[in-house]
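The values are calculated or read from the model by the stated rules, or taken from the named source; none is laboratory data. Given the structure is predicted, the values throughout are model-derived calculations rather than measurements. Here the Cβ positions follow ideal geometry from the backbone for every residue, glycine too, while neighbour counts run over all protein chains shown. Only protein heavy atoms, including side chains, enter the accessible area calculation; ligands, DNA and RNA are left aside. Shrake-Rupley method; radii C 1.70, N 1.55, O 1.52, S 1.80 Å.
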Amino acid sequence: MIAEALLYAATVPMTQKAHRRFIRYSVNLWSRAGRCGRQWAEHEERSWSAVRSAMADLRQRRTAVVLGSGLLRDVPIKELAETFDTVVLVDLVHLASVRLWLRLKRYRNVRLIGRDLSGYDELAGGKQPEPLAFLRTVPYLDFVISANLLSQIGRGAKRHYEAEEKGAMPADTVAQLIEAHRSGLETAPCKTCLITDVSYAVIDRSGKVHEEADLLHGVSLSSVQANWTWPVAPLGEESADYQIVHKVVAAY
């Protein structure tokens with residue numbers, strides 16, 4: 001708990017005020033990643049492999065953008081930094097630990113941007129959400145990665161929607177925002193790689209499934225090239241009796 005508290009405190013002054021309420025989620029993820037590193041290793045390697053495959057045929061490698069860069073565990077940041085002129089990491093929160101690691105590695109061509117990628121505020125304002133429209137203004141953009149972000153947009157939008165007064169937002173708010181991200185990638189002016197968990201299952205020790213859910217709320221993906229499972233909460237993490245396993249896909 002001391003390490004988490006110190007990381008939280010160090011991250012606050014580096015984070016935009018509007019985004020500071022999300023720091024605890026990032027710190028909690030950092031803490032879980034430390035505990036579950038062995039069980040997450042295959043998922044992380046599969047994610048790296050998908051990125052490598054997606055960028056293998058790029059004719060130019062000038063600027064790459066990583067949406068939902070998080071802890072930098074889902075993307076081969078070393079390869080990106082070494083092969084692209086500029087790498088832009090976009091997320092609500094960039095933990096102090098991530099900033100320090102990048103500085104120690106001397107990745108001087110890596111830029112960090114704090115940005116809400118959900119599109120929720122646009123939809124709440126009565127506009128058509130275009131959360132990825134900014135990509136059209138990024139100079140020399142050759143590659144965009146959405147790294148295990150899409151389902152998080154859905155989860156965050158669902159929490160926000162349920163806290164609103166009834167009727168304040170469209171009934172299909174969550175699906176609209178997931179679709180806005182998907183279509184934004186589809187129309188991006190470059191090669192893209194979407195890595196996302198699409199569903200989860202709560203499974204007991206005997207293998208019986210007790211709960212399942214569609215994390216994309218009915219939105220379908222095209223060009224899926226790979227899929228695998230990710231034990232987000234292995235046995236013993238949330239309970240000694242069950243694990244939570246997510247299905248992940250890569251589309252590029």
Answer in debye to the nearest 20: the dipole magnitude of region 1-58 about its Cα centre, from +1 Lys/Arg and -1 Asp/Glu charges placed on Cβ, is 360
Show the residues, 5+ positions off or on another chain, whose built amide H is closer than 5 Å to the amide H of R111. V87, V88, L89
What do you reckon, how do W228, W30 stack up by accessible area (1.4 Å probe), largest on top? W30, W228
Using the Cα centre of region 76-213 as origin and beta-carbon charges of +1 (Lys, Arg) and -1 (Asp, Glu), tell me which of V90, C190, L132 is placed farthest towards the positive end of the dipole. V90
Taking every pair of alpha-carbon atoms in the chain, what share in percent sits in each 5 Å bin, from 0 to the bin with the longest distance? 1, 6, 13, 17, 19, 19, 14, 8, 3, 1, 0
Between R159 and R32, what is the label-to-label distance in nm when each label sits 7 Å out along the Cα-to-Cβ direction? 1.1
Please report the relative contact order for the chain, taking Cα pairs under 8 Å with a sequence separation of at least 6, and give it as a percent rounded to a whole number. 18
Surface accessible to a 1.4 Å probe, per residue, for the residues of the chain, Å²: 53
Here the gain from full extension of K17 to Q128, 0.36 nm per residue of separation minus their alpha-carbon distance, amounts to 37.4 nm
So how strong a dipole does the chain carry about its Cα centre when Lys and Arg Cβ are +1 and Asp and Glu Cβ are -1, to the nearest 20 debye? 1080
Can you give the three extents of the C-alpha atoms in region 1-88 along their principal axes, from longest to shortest, in whole Å? 45, 32, 18
Quick one: putting +1 on the C-beta of Lys and Arg, -1 on the C-beta of Asp and Glu, what dipole do you get for region 1-134 around its Cα centre, in Debye to the nearest 20? 480
Ranked from the most accessible area to the least, with a 1.4 Å probe and all protein chains present, what is the order of Y200, Y161? Y161, Y200
Excluding residues on the same chain fewer than 8 positions from K78, give the lysines whose Cα lies under 28 Å from its Cα. K105, K191, K247
Along the positive direction of the dipole of region 1-110 (beta-carbon charges: Lys, Arg +1; Asp, Glu -1; about the Cα centre), which of A10, L102, Q60 reaches farthest? A10
Integer Hz, Karplus 6.51/-1.76/1.60 couplings in order for region 93-99, x for Gly and Pro: 9, 10, 4, 4, 5, 5, 4
With all protein chains present, how much of the accessible area of the chain (probe radius 1.4 Å) comes from carbon and sulfur, to the nearest whole percent? 49
Region 49-147: projected area of the alpha-carbon convex hull, averaged over directions, in nm²: 6.7
Region 68-208 - Rg and Dmax from Cα coordinates, angstrom: 17.0, 52
Once phi for every residue in region 202-213 is put through the Karplus expression 6.51 cos²θ - 1.76 cosθ + 1.60 (θ = phi - 60°), the whole-Hz ³J(HN,Hα) values, with Gly and Pro written as x, are 9, 10, 8, 4, 7, x, 6, 8, 9, 7, 9, 8
Spin-label pair D85/A171, simplified geometry with 7 Å Cα→Cβ offset, distance in nm: 5.0
Please arrange H19, H210, H160 by accessible surface area, largest first, computed with a 1.4 Å probe and ligands excluded. H210, H160, H19
Can you work out the base-10 log of I(q)/I(0) for region 170-252 at q = 0.11, 0.16, 0.24, 0.26 1/Å, using the Debye formula on its C-alpha atoms alone? -0.38, -0.71, -1.10, -1.19
Note, ³J(HN,Hα) from phi for region 53-61, Karplus 6.51, -1.76, 1.60, rounded to Hz, x at Gly and Pro: 5, 5, 9, 4, 9, 5, 7, 10, 10
